[in-house]
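Peer 1: Next up is a structure, given as structure tokens.
The values are calculated or read from the model by the stated rules, or taken from the named source; none is laboratory data. Model, not experiment: these values are computed from the prediction. Please note: Cβ atoms are built from the backbone with ideal geometry, for glycine as well, and neighbour counts cover all protein chains shown. Protein only, heavy atoms only, side chains kept; ligands, DNA and RNA dropped before computing areas. Shrake-Rupley method; radii C 1.70, N 1.55, O 1.52, S 1.80 Å.
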Amino acid sequence: MPTKLYNWQLNNQIKQSKMRKIVLIALIGIAQLSYAQLVPSDVQVRYALQLLGKNLKAHQAKNIADVLDPSFHIAEYRDRDVLNVLPQLINPVMLDTVYYESITQRNGKIYAKQIAVPKSGPKMAAWVRMNHLLLFERIGHFEQLMGLGDPVFQELQPAKLLATVPIKRSSAMMFLEMGIAGSNKKYHFLFDSGAGATSISEAVAKDLKLTVNEKAIDIKTAGKGGQFKTVDSLALTVGDVKIRGKQLVVADLNLLEKTVGHKMDGIIGFDFLKDYQVAVNLDQNQLSIYNFGYFEKAEQHVLPIKLTNNIPKINTTLTINGINYNSILLFDTGAGGSIYGNYFLNAYARGLVDKLKNKKASGSASMDLSGKISKSEMGTIDAISIAGLTLKGPTIAIDVPEVQPAYGFERHGLLGMTLIGKFNFTFNYSLNYISISPNQVFAVPLVPLYALGLGFEKKDEKFLVSNIDENGLAFKAGLRNGDEIVSVNQINPTSVDEITQQLRVLAQRKINVEVNRKQQKLKLELKKLSI
């Protein structure tokens, strides 16, 4: 190769190498600048804290509200309620000065110790928590003014185990034994993260001679909610932990009790979850209650949540005919199914009802707290992904009403315990997340039991077949309404959930069912489900 040509190529390579280096340095600089914008400087943090202190002294509730994160809450007060509570807390307190100590970071948050010195009386110490946008997510000083402990300070301490209680399962759902003030009995409460308020059955309210407000009020639930009478306040206990009830809904739970197949004296959800970290281990059927401290072992699969009407919403990805759809669903431990989709999900997925696999033409029914029954179209989709964990072939029920609502939505539906039950999970409503991890049944196929076309009802100690569908596989196998289930796979069931768990092996093989019908024992065979 000629020397001039060689030198020209060498110089050109050197120039290109320098150019690539300059571009790389520039990209690194841009990345560092972007990261710097996500991590506030000490000066920015202190300035934001000083403004908060200044507004506290001046009783500027509106200015304080302007710098609160959308997730901000004071005890059980969230959303619009916070704006009503702030002035009541701030105005009576005359402060001489406010200053801050011990600024630190944990959980990806910024914490600072707040010292408030009143014009008369002892100084008050509490903690505040901010995010990287310098929006305040929690101010422990407000809880103290309500006579409560400082929840932000708790987050900086190791989590403390307060109680561990057993979980009883029925129709995939979870029940806890709870105590009620004024009674020595134990009561069965459905653990329902889709319950924005605690409910008590009419029968229990009558038995305890509770004072029930005659004027019904509107209560929102994961379902449609409705008008309910209430009890002003009632103390509950789980293990040795006392649950402060703000207001209890009084409802007729008889229909739900029959549907679930388990005694239901009440329903507990947000009033429990707002004050504690609640860890559910379905491998051991055990619920553990912690304060809002931190765990040494970092959570791997974390679901950020947004609470609307005190009910948690999460982001998921639904895979339908090979296409991914990002979806907003409620995390509802009080629902027994897998996935429930509404009209908006059907529209968002461009006609999901027509894309369902293994579709059941006759549809299915579900019930909410008010006893209203809605019909749905059922089938399966490719997969659902939650916090990086994927489950294949989940069942989905789509409710497409004849009269369609005005367009506009805040969620696409909800997740129920048939799907949620494949995880162990921990609720942390202070930091607004639910952590999940696969449990022992995670890899067991999601069998679409709706194809069997039957339900179960517990009557006394017997488990009876109900709501049989003449187009379902159970009817074709010989099962009829009123049949008493004696055994499934040679196992004598003690709960509806135990029957359901045995039926799930239909994904691998056929199963034998023994029933009593009019004093006659019959042996029937359910064939393996080919999905």
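Peer 1: In deg cm²/dmol and to the nearest 500, what is the mean residue ellipticity at 222 nm of the chain if only DSSP H runs of at least 4 residues count, each as -39500 (n - 2.57), divided by the residue total? Write out the running numbers ahead of the final one.
Peer 2: Numbers: 13 runs with 120 residues, N = 531.
Estimated from H runs of four or more residues: -6500 deg cm²/dmol.
Peer 1: Which entries in K57/K119; K113/K160; K185/K242 show an alpha-carbon gap greater than 19 Å?
Peer 2: Table pairs above 19 Å Cα-Cα are K113/K160.
Peer 1: Here's a follow-up. Can you pull a Stokes-Einstein diffusion coefficient for the range 54-208 at 20 °C (1.002 mPa s), Rh from Kirkwood over Cα pairs, as a whole number of µm²/s? Could you put the intermediate results ahead of the total?
Peer 2: Working: Rh = 18.5 Å.
Rounded, D is 116 µm²/s.
Peer 1: Then there is this: Placing +1 at every Lys and Arg Cβ and -1 at every Asp and Glu Cβ, with all other atoms neutral, what dipole size does the chain have around its Cα centre, in debye to the nearest 20?
Peer 2: So the dipole magnitude of the chain works out to roughly 1460 debye.
Peer 1: Same structure, new question: Could you work out the pair-distance distribution P(r) of the chain from its alpha-carbon pairs, with 10 angstrom bin width and percents rounded to whole numbers?
Peer 2: 3, 16, 23, 23, 16, 8, 5, 3, 1, 0, 0
Peer 1: At 0.36 nm per residue, and after removing the present C-alpha to C-alpha distance, how many nm does the segment from M146 to L133 gain when stretched out fully? It would help to have the intermediate numbers written out before the result.
Peer 2: Details: separation 13, 0.36 × 13 = 4.68 nm, distance 2.73 nm.
Here the segment from M146 to L133 would lengthen by 1.9 nm.
Peer 1: To continue, here is another question. Evaluate the charge dipole of the range 478-517 about its Cα centre and quote only its size in Debye, nearest 20, assuming +1 on the Cβ of each Lys and Arg and -1 on the Cβ of each Asp and Glu. Can you show the working numbers first?
Peer 2: On the way: 5 positive and 5 negative charges, 49 e Å.
It works out to roughly 240 debye.
Peer 1: Compute the FRET efficiency between S120 and S437 as 1/(1 + (r/R0)^6), taking r as their Cβ-Cβ distance and R0 = 51 Å, and round to the nearest 0.05. Spell out each step's value before the answer.
Peer 2: On the way: r = 51 Å, r/R0 = 1.01.
For S120 and S437, the calculated efficiency is 0.50.
Peer 1: Sticking with this one: Out of the total accessible area of the chain (probe 1.4 Å, heavy atoms of protein only), what percent is carbon and sulfur? Don't skip to the end; give the middle numbers.
Peer 2: Details: 13820 of 26820 Å².
Carbon plus sulfur share of accessible area: 52 percent.
Peer 1: Residues with amide H under 5 Å of A172's amide H, sequence separation 5 or more or different chain, H placed in the peptide plane at 1.01 Å from N; which?
Peer 2: Result for A172 returns D497.
Peer 1: At 1.4 Å probe radius, can you tell me the per residue accessible area of the chain in Å²?
Peer 2: Values: 26820 Å² over 531 residues.
Per residue, the chain has an accessible area of 51 Å².
Peer 1: For A203, project a label point 7 Å along Cα to C-beta. Then give me every residue of the range 254-269 with its amide nitrogen under 14 Å of that point.
Peer 2: 254-267
Peer 1: Given K186/K209; K109/K274; K168/K392, which pairs have Cα atoms separated by over 24 Å? Walk me through the numbers on the way to the answer.
Peer 2: Values: K186/K209 17 Å; K109/K274 19 Å; K168/K392 27 Å.
The answer is K168/K392.
Peer 1: Would you please classify the overall shape of the range 128-236 from the alpha carbon gyration tensor, given that a ≥ b ≥ c denote the square roots of the eigenvalues, rounded means a/c under 1.5, and beyond that prolate means a/b larger than b/c while oblate covers the rest? Please list the in-between numbers first.
Peer 2: Details: a/c = 1.82, a/b = 1.55, b/c = 1.17.
Prolate is the answer for the range 128-236, as a/c is 1.5 or above and a/b outweighs b/c.
Peer 1: Name the shape class, rounded, prolate or oblate, that the alpha-carbon gyration tensor gives for the range 448-515, where a ≥ b ≥ c are the square roots of its eigenvalues, rounded holds for a/c under 1.5, and otherwise prolate holds if a/b is larger than b/c and oblate otherwise. Numbers along the way, then the final one.
Peer 2: Working: a/c = 1.62, a/b = 1.10, b/c = 1.48.
In terms of gyration-tensor shape, oblate.
Peer 1: With contacts defined as alpha carbon pairs under 8 Å and 6 or more residues apart, what's the relative contact order of the chain in percent?
Peer 2: Details: 1102 pairs, mean separation 56.5, N = 531.
Relative contact order, the chain: 11 percent.
Peer 1: Could you point to the residue in I323, Y450, T418 farthest towards the positive end of the chain's charge dipole, with +1 and -1 charges on the Cβ of Lys/Arg and Asp/Glu respectively?
Peer 2: About the Cα centre, the residue reaching furthest to the positive side is I323.
Peer 1: Around V93, under 10 Å between beta carbons, what's the net of Lys plus Arg minus Asp minus Glu among the other residues? Walk me through the intermediate numbers first.
Peer 2: Numbers: positive: K57, K119; negative: none.
Value of the local net charge: +2.
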